[in-house]
Amino acid sequence: MTKSTILSGTDLSKKYGDLEVVKGVSLAVNEGEFICLVGKSGCGKTTLLSLLSGLEKPTKGKVNLDGREITTSSEDELALFRRENVGFIFQSFNLIPTLSAWENVALPLFPIKMTSEERRKRATELLGKMELGHRLEHLPSALSGGEKQRVAIARALINNPKIIFADEPTGNLDSSTGEAIMDILGKLHRDEGVAILMVTHEAELAKAANRVIRMKDGEIVS
Amino acid sequence: MNVRYMMKELYYQRRRTLMSILGLSIGIALLIILNSLSSAYRRAAHVPLQEIGADITVQRSGDVPKDLAGAVFPCSAVTIRKEEVEKIQKLSGVRGIGTGLLLWVFDPNRAWIVLGIEKDNSIGPSLLRSSVTEGRFLEDGKPEALVEQAYARQFGIKLNDTVSVADKKFPVVGFVDASRAAKIAVANVYLPLKDAEDMAASSKGLQSVSPYAPGDVNLLFIKADQEKITGLASEMKGILGNKATVATPESFLKLLGSLFALSDKFTLAASLIAIIVAVLIAFKTMAGNIAERAREIGVLKAVGWTNRNVVSQLMSESVIQCFLAGILGLLIALVASFGLSFMKVNIPIPWEMSPNPHFLPGGGDQVFKTLRLPVHVPWNLALFAILLSIIIGGMTGGLLGRHISKIKPSEVLRHD
């Protein structure tokens, strides 16, 4: 692994019973790089993203994230590692329905000892950057799809992650809102230097990425 | 644990929260009501004896009088010897003894139920002092009589009249209202114990059936340590023989016949069932609630919550819900107890303890002590119920939290 490599997966395989979803994939993400993982539904890209982010353990192979081998870590060690180094953006936003926008953003900070004011301040700053400063106290049910995803992006940034994993971040949005979200991700990559590994089945969205990796039947094809 | 998150979850998921609270509160209310009812019956069973200032009453059955003339002992209360009284007095747990002498006196024109009482003993029928409606109570060293108010009205007896009982004359110094007194050891006329003793000692008819000497009695009223009552009852039977009738709160409780009064075992079993029902309700509703939140738990874990963070969050929600359920259950139980306290309970007085000759009109009728069931929720039961609710909440939240925290975030988040 070179100095600029922040994430690397080596010979990763994942089996569910007899079905091998990811087949001996090796992949490296450099600091500040924006990589798009594209492929048809069911080709194994979301599973690969889960393996690389530590949400799931591979059947075979190793994952090294920010200089640390994570495949042998315990569940709790992985959780703490994700809290400190990783951000997630999901297709369905996955906001907590009972928490306001700022509280959703601050969700990763809840287990950390700090005052509510501190959490709120950090969440407010990020929501301001997402142009949602006027929506701080709104529940997710009162937000549009695009607003929800912007809240989710702010949540992914709350811990100043080295890398953001985005799984179909525009999948539930109309095309213009999707473009706006892609603009934000592109800006984050350019201005903040955050590495992004994004999964999408829409080849059009991959234009924003530095590098496009195509998957088919659990393998990287290009 | 994040308090803000917990409160918002409980507030915004009001329906879910209310269902959990209501379900568990019913179980907790049931537990409190069952135990309150049970202790109310226990308290009620103490009343007939408490009214004569005793915890135990003792008498002994004997032969039926041969001739209904002059002073005789009722067949349910014959001589208890002075030595036997002294033995009982020495038993461990006996705190004090009151004595009485119950006589049926058959004069040519009238039959009397006569009770000789110790005027200054706070244990026993001297408690009638508070039931004097007219005149005064008996005084020391004077041969005088108190007459029961209804009896006096029936036979036209006036205050300061002189009544003749077994050929001995007694001025009437007061009237007592027996309807306000205990149902045990009531009589038509109350005399100083010394005069009743003389009456019994000089009655040939009485002596021929049950030999009697001054100092002997036929009714004992005993104050005892509460926890020793049952043991003392059997020791007294050992002293007085098989024909002894020893009345205790426990014996009255058995006469009540209610399920709640039958035994501690019933209350214990019913309480256990109520607790199990409460736990099952809490477990089922919380399990449903937590299962609905699997995706949310997956998000928490994905963004860096450890298993311990998840468990403590869910446990805190569960404890708060169960605590609120405990409070609501207590309130329901308090309202129900207030309603139940209007219920009347009839405590049957055993025929042996009823002083009325059963061969006289109405004498064989069952006598009851009727009172309002003294239902109230003791503070220690209330505290126990609240603590139990919190423990149920902690256990339920902990177990379910540990179970759900094991889910892999990728499993619940992958199918967008």
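The values are calculated or read from the model by the stated rules, or taken from the named source; none is laboratory data. Computed from a predicted structure; not experimentally measured. Here the Cβ positions follow ideal geometry from the backbone for every residue, glycine too, while neighbour counts run over all protein chains shown. For the accessible areas, the whole protein counts, side chains as well, though only heavy atoms, and no ligand, DNA or RNA atoms are used. Shrake-Rupley method; radii C 1.70, N 1.55, O 1.52, S 1.80 Å.
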| Debye log10 I(q)/I(0) for chain B, one point scatterer per Cα, at q = 0.09, 0.13, 0.14 Å⁻¹ | -0.66, -1.02, -1.13
| From the square roots a ≥ b ≥ c of the eigenvalues of the alpha-carbon gyration tensor of the stretch B:158-225, which class results: rounded (a/c under 1.5), prolate (a/b over b/c), or oblate? | oblate
| task | Decide, for the stretch B:1-51, between rounded, prolate and oblate: order the square roots of the alpha carbon gyration tensor eigenvalues as a ≥ b ≥ c, take rounded if a/c falls under 1.5, and otherwise choose prolate if a/b is larger than b/c, else oblate. | result | prolate
| field | Debye intensity ratio in log₁₀ form over the Cα atoms of chain A, taken at each q of 0.09, 0.16 Å⁻¹ | value | -0.35, -1.10
| query | Over the stretch A:88-161, what is the mean sequence separation of C-alpha contacts under 8 Å (at least six apart), divided by residue count, expressed as relative contact order in percent? | reply | 50 percent
| By average C-beta atoms within 10 angstrom, highest first, the peptides B:112-119, B:336-343 | B:112-119, B:336-343
| query | Taking amide H positions as placed 1.01 Å from N in the peptide plane, with prolines and chain starts having none, which residues 5 or more places from residue B:80, or on another chain, fall under 5 Å of its amide H? | reply | B:217, B:218
| request: Could you tell me the distance between the Cα centroids of the stretch A:172-222 and the stretch A:81-149, to the nearest Å? | output: 22 Å
| task | Please figure out what share of the DSSP beta bridges in the protein assembly as shown is antiparallel and state it in percent, rounded to the nearest 5. | result | 65 percent
| query | Shielding of A:187-194 by partners, i.e. mean partner chain Cβ atoms within 10 Å per residue? | reply | 0
| said: Based on the alpha carbons, how large is the Rg to Rh ratio for the stretch A:60-161 when Rh follows Kirkwood? | reply: 1.03
| field | At R0 = 41 Å, FRET efficiency that the Cβ-Cβ distance of residue A:72 and residue A:210 yields, to 0.05 | value | 0.85
| query | Given labels modelled 7 Å from the Cα in the Cβ direction, how far is it in nm from residue B:368 to residue A:114? | reply | 7.3 nm
| request: Pull up the cross-link candidates among the lysines for residue B:369, meaning alpha carbon to alpha carbon under 24 Å and not fewer than 8 places away within one chain. | output: B:183, B:223, B:254, B:344
| message | Tell me the relative contact order for chain A as a rounded percent, counting alpha carbon contacts under 8 Å between residues six or more apart. | response | 31 percent
| query | Once you average over the residues of B:5-13, how many Cβ atoms of partner chains fall within 10 Å of each Cβ? | reply | 3
| said: Could you sort the peptides B:187-200, A:181-194 by per-residue average Cβ neighbour count (10 Å cutoff), highest mean leading? | reply: B:187-200, A:181-194
| 20 Å Cα-Cα reach of residue A:113 towards aspartates and glutamates, excluding residues that sit fewer than 8 places from it in its own chain | A:76, A:77, A:84, A:103, A:125, B:317
| Which whole-number value in Å³ per residue fits the convex hull of the alpha carbons of the stretch B:137-197? | 88 Å³
| message | From the helices alone, meaning DSSP H stretches of at least four residues, give me the mean residue ellipticity at 222 nm for the protein assembly as shown, per-run term -39500 (n - 2.57), in deg cm²/dmol to the nearest 500. | response | -13500 deg cm²/dmol
| request: For the protein assembly as shown, give the percent of accessible area contributed by carbon and sulfur heavy atoms, probe 1.4 Å, rounded to a whole number. | output: 56 percent
| Entries of B:142/B:243; A:121/B:8; B:119/B:204 with Cα pairs more than 29 Å apart | B:142/B:243
| Between the helical axis of A:175-187 and the dominant principal axis of chain A, each derived from Cα atoms, what acute angle in degrees is found, rounded to the nearest 10? | 80 degrees
| query | Accessible area lost on pairing A with B, both sides, 1.4 Å probe, Å² to nearest 100? | reply | 2600 Å²
| chain B: relative contact order as a whole-number percent, Cα under 8 Å and 6+ apart | 27 percent
| query | If you count, for every residue in A:50-59, the Cβ atoms of partner chains within 10 Å of its Cβ, what is the mean? | reply | 3
| task | Could you tell me which of rounded, prolate or oblate describes the protein assembly as shown, using a ≥ b ≥ c as the square roots of the eigenvalues of the alpha-carbon gyration tensor, with rounded for a/c under 1.5 and, failing that, prolate when a/b is larger than b/c and oblate otherwise? | result | prolate
| query | Scanning chain B for helices, which whole DSSP H stretches are 30 Å or more long along the axis (Cα) and average 0.5 or more by Kyte-Doolittle? | reply | B:14-50, B:264-292, B:307-340, B:379-404
| For chain B, share of DSSP beta bridges that run antiparallel, in % to the nearest 5 | 80 percent
| Peptides A:59-66, B:170-177, B:300-307 ordered by average Cβ neighbours within 10 Å, highest first | B:300-307, B:170-177, A:59-66
| query | Want the number for residue B:294 to residue B:139: 0.36 nm per residue separation, take away the alpha-carbon distance, what's left? | reply | 47.5 nm
| Separation of the residue B:379 and residue A:138 label points, Cα + 7 Å toward Cβ, nm | 5.3 nm
| request: Would you mind computing Rg(Cα) / (2.2 N^0.38 Å) for the stretch B:71-204, counting N as its residues? | output: 1.04
| request: Set the Förster distance to 56 Å, then compute FRET efficiency between residue A:175 and residue B:269 from the Cβ-Cβ distance, nearest 0.05. | output: 0.25
